[in-house]
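Enquirer: For reference, the structure I am asking about is given below.
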Amino acid sequence: MKTGTSRRSDDLLPEYDLLQLLRGGVRGKYAKRYHGGTNLILLDPDVRKAFRSGKAVNDALRLVIELRKVGSTRQG
């Protein structure tokens, strides 16, 4: 258990030299990836148990997409 007060600060700690940290850095190194976005979706635990891998999830979703296409042609 912690005792005393904990002060959170967003300031750089005095023992860190900002110039040393930035030396060798490349501006915009990950900009392209960032702008590409992400498509991260968290599965509920019960759904997660049904699949062994990401490939299995993708295969199942592709099947659902195909079944929806078949279902929409029958209704029209």
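FYI, it's all coordinate maths here, none of it is from the lab. Predicted model only: the values in this text are computed from it and were never measured. Methodologically, a virtual Cβ is constructed for each residue, glycine included, from the backbone with ideal geometry; neighbour enumeration extends over all protein chains shown.
Enquirer: Sorted from fewest to most neighbouring beta carbons within 10 Å, what does the list 47, 57, 26 look like?
Expert: Fewest to most other Cβ atoms nearby, the residues stand as 26, 47, 57.
Enquirer: As a test of understanding, state the convex hull volume per residue of segment 18-75 from its alpha carbons, in Å³.
Expert: Looking at segment 18-75, the number lands at 175 Å³ per residue.
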